[in-house]
Each structure stands twice: as structure tokens, then as C-alpha cells.
Amino acid sequence: VRLGANLDIDLKLLKSNIQALRALVSKTDILFMVKANGYGHGMVPVARYALEECGVGNYGVATLFEGLKLRKAIPERPFDIYVFSENHLTSQYAEQYAHSALIPVLSSLDELDLFLSEKAFSRVPLVLKFNTGMNRLGLSMGEDELELVLSKLKNKGRREIFHLMTHFGRSFEPLSAPGQTTLAQMQSFEQIRQRFSQEGFSIQYTSTSNSGAIEQGVGVGLSHVRPGLMLYGPSSLATSTLWKGQSISSLKVQVLRRMSVKKKTPIGYGGALTPEDGTVCILAIGYGDGFSTKLQNTILYHLPGKPMFFGRINMDMAQLFYTGSGTGIPKEGDVLEIWGHDPAHILSMSAQSGIIPYEIYCALGDRIPRKYTL
Ligand SMILES: Cc1ncc(COP(=O)(O)O)c(C=O)c1O
């Protein structure tokens with residue numbers, strides 16, 4: 001742990017983001033993606049708050065062990081936990097699913113076979129995810145595989161699908177962007193759904209949409225949406241006008257040292273030369289905290305003096321360069337807001353560095369304390 005950097009998480013902003021989302025998708029239930037430690041914000045405190053204070057009853061994690069951790073942390077209330085990608089569907093873990101009421105998202109024939117053959121899974125809801133064009137995970141919708149899925153389910157007498165899903169590959173781009181596939185994927189999903197209905201299957205829930213799709217109004221008439229990023233604040237579309245979330249976190253970092261420098265002073269590893277006379281502040285954050293070296297040269301436009309991360313980011317520290325040495329330049333011990341609750345801050349860092357906001361959030365290591373305000 002270090003004391004010079006903190007991720008402050010204002011859970012009231014999570015509530016207002018959830019309210020803003022509900023205003024957009026009034027009849028749709030929320031399946032909140034809290035995988036990868038709640039996108040770096042702390043899976044358990046974030047999910048606990050969303051459950052207890054905002055009434056969100058469905059959560060998405062990536063791995064079985066994330067799911068087990070979440071269930072164990074909040075044993076007292078019923079809520080659904082879906083395990084999306086690394087679900088370890090083997091007999092070794094089947095009982096864990098049943099016992100902890102976790103719901104595996106089945107996305108291959110092998111997973112379906114294991115699910116149908118293990119007795120412990122006979123009590124577990126059936127969730128199928130189809131590949132409609134993203135080509136990552138998902139049962140194939142090619143005629144042969146779809147027919148095989150139908151016959152396997154019929155043979156086992158499982159005619160109730162709890163939740164039918166797909167996932168978009170390009171919903172973070174405007175629907176008008178060249179080569180967009182979101183609407184075509186949506187159509188394919190509709191075909192799959194119809195095929196199940198024709199065969200007499202009941203489908204309780206359906207969902208397709210992550211943040212980018214929700215922001216563009218795609219799939220919001222289904223029973224659920226599956227937002228991640230937007231509930232943490234930022235839009236996942238570079239050109240969003242619709243989403244007005246606030247970043248629930250703010251990264252606060254202390255100035256460890258400050259020095260006045262002349263033009264062409266070499267700074268830190270590699271000795272990058274200062275472009276003019278100015279002030280260098282050494283900050284208490286580095287790549288050892290997940291603060292990427294790619295953030296070199298990123299300008300913090302929201303801070304007075306518009307300082308820039310200058311020279312190589314170190315393991316434990318980073319240098320900020322200010323032109324000049326006048327008022328407004330922080331002193332040793334001062335705390336700077338590397339990003340604040342305005343999502344424009346992290347989105348600007350992302351645009352300049354080429355690191356998607358998901359990665360900036362998720363990379364933050366556990367040396368940085370998370371502080372929660374209610
Ligand atoms: C299957 C699935 N649904 C929903 C999401 C949420 O995506 P986003 O954070 O873009 O809203 C993810 C995240 O990667 C996902 O894998």
C-alpha cells in the first residue's frame with residue numbers, strides 16, 4: 001500500500017449513473033458487469049452498494065472465482081451472479097455452482113455437454129450465449145450447430161432457457177460508421193431467438209447490449225441490458241451525446257518533490273530534456289501501480305497550468321512538467337486530481353495515450369488504496 005495515491009470512489013455517483021441509465025431504458029433490467037474487480041473500483045463494495053442502495057439484482061463476472069468471492073462476500077441477500085468467460089465447467093466445480101447459486105454462461109458445445117451431463121447442474125438455470133459475429137466466445141449460429149444445440153437440449157428435456165444472450169464486437173462505434181456490424185448482429189440474435197421459440201422453448205430473459213449499444217438505443221427493448229463502463233462513468237463511444245454519467249472515481253496523487261528547471265534539463269530515466277524553463281513535480285504513482293508508461297506526454301488539461309507527464313513513467317513515480325514557475329503550480333505535499341468525476345478527464349487521457357478507459361481503470365493495482373464515500 002502507498003499513501004501518496006488514492007482512488008476515491010463516490011458511490012452516490014454510482015447511484016446517479018444507475019438512475020440515469022434507468023431513465024434511458026425504463027422497462028429493462030440491469031445486469032451490471034463487475035468483473036475484473038469492478039473495473040478496478042472494487043467488485044464487492046461496488047456490487048454491495050448497487051444491490052443494497054440501488055436495487056440492482058444481477059451481476060456479471062468473468063471467472064468462477066470472482067463469482068465465488070462475490071457470493072461469499074454478500075451471503076445474506078439473493079441476487080443473480082452470471083459467470084461469463086472462464087467458467088471451469090467440470091465435475092470438479094459443478095457443486096460449487098449449485099451450492100453458491102452461480103449461473104454459468106454457456107458459450108460452446110463442450111460447455112453445454114458438461115452442463116447437461118453433470119447432475120449438479122440440473123438445478124442451475126440454463127444460459128446460452130451465441131456468437132453472432134464477434135467471433136470470440138459463443139455457440140455458433142450456423143445451421144448445424146444451432147440444430148445440435150436444440151436436439152441436445154430436447155434430449156435432456158431442458159426446454160426452458162433462463163437467459164439467451166449475444167455480445168457485440170463494434171458497439172463502441174457509431175451505428176453509421178463504415179463496416180458497422182451491431183445491427184446485423186442484432187438481427188442474427190433475433191433469428192436465433194425465433195428458432196428456439198418455433199421449437200417450443202421458453203425463453204425467460206434476453207440481452208445483447210453493453211454500454212456502447214445501450215448508448216445508441218440498441219437492444220434496450222429486451223429484458224436486460226449488460227452495462228459495464230457507462231455505470232463507472234465514461235461513455236464508451238468517442239462521440240456520445242446521450243450518456244451523461246459521472247466518473248465514480250477520482251485518482252488523487254501527491255506531489256513528492258518539486259524543482260525548478262531550466263530549458264533542456266534532463267529528467268529521470270533516459271534524461272528527456274525539458275522543452276523550456278519550468279517546474280517538475282515528482283508524483284507518487286508509477287507503472288508499479290498500473291499507471292502505464294504509455295501515459296508519457298499526456299497533458300492534464302483539466303488542471304491549472306495544463307501540466308504534462310514528462311519523461312519516462314517510473315515504477316513508483318512519474319514526472320509532471322509545468323511551463324514556468326508562477327502561482328498555481330503545486331507544492332510538495334499537495335494532492336493533484338489526475339482524473340476527477342468529470343468523465344472528460346479520463347477520456348482525454350485515453351484519447352492522448354491510446355489506452356482505452358477500461359484498461360486505465362483495470363490496471364490500477366492494489367498498492368493504491370480505494371476509499372469509498374457513501
Ligand atoms: C458479455 C459482456 N457483456 C457486457 C459487457 C460490458 O461491456 P461495457 O463495459 O462496454 O458496457 C462485457 C464487457 O466486456 C461483456 O463481456
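Some values worked out for this structure:
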| read-out | value |
| --- | --- |
| Local net charge near Leu51, Cβ-Cβ under 11 Å (Lys/Arg +1, Asp/Glu -1) | -2 |
| The chain, relative contact order [Cα under 8 Å, separation at least 6], % | 19 |
| Most fluctuating residue given options Thr279, Thr239, Thr182, as computed from a GNM of the chain linking Cα atoms under 10 Å | Thr239 |
| Furthest towards positive pole of dipole, Pro275, Gly212, Gly290, structure part region 202-355, Cβ charges | Pro275 |
| GNM result for the chain, Cα springs below 10 Å: residue of Gly311, Gly60, Gly157 fluctuating most strongly | Gly157 |
| Whole-Å semi-axes of the ellipsoid equivalent to the chain (Cα gyration tensor, √5λ, descending) | 45, 21, 18 |
| Charge-dipole axis of the chain as Lys and Arg at +1 and Asp and Glu at -1 on Cβ define it, positive-most pick from Val1, Tyr39, Ser151 | Val1 |
| Cβ-based exposure ranking for Phe309, Phe196, Phe65, in which fewest neighbours within 10 Å come first | Phe65, Phe196, Phe309 |
| Check: region 83-174 dipole with +1 on Lys, Arg Cβ and -1 on Asp, Glu Cβ, in debye | 320 |
| Cβ charges +1 (Lys, Arg) and -1 (Asp, Glu), total dipole of the chain, debye | 680 |
| 21 Å Cα-Cα threshold exceeded, pairs from Lys12/Lys331; Lys12/Lys252; Lys12/Lys129; Lys262/Lys306; Lys129/Lys154; Lys12/Lys244 | Lys12/Lys331; Lys12/Lys129 |
| Exposure proxy ranking, count of Cβ atoms within 10 Å, fewest first, for Val105, Val34 | Val105, Val34 |
| Mean residue ellipticity (222 nm) of the chain, computed from DSSP H runs ≥ 4 via -39,500 (n - 2.57), nearest 500 | -9000 deg cm²/dmol |
| Region 209-288, Rg to Rh (Cα coordinates; Rh as Kirkwood inverse mean 1/r) | 1.28 |
| Degrees, to the nearest 10: 43-54 long Cα axis against longest axis of the chain | 70 |
| Taking Leu347, Leu24 and counting other C-beta atoms within 10 Å, the order from fewest to most | Leu24, Leu347 |
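Only the coordinates and a few stated rules stand behind these numbers; no lab work does. Keep in mind it's a predicted model, so treat the numbers as computed, not measured. Counting neighbours? That spans all protein chains shown, and the Cβs are built from the backbone with ideal geometry, glycine included.
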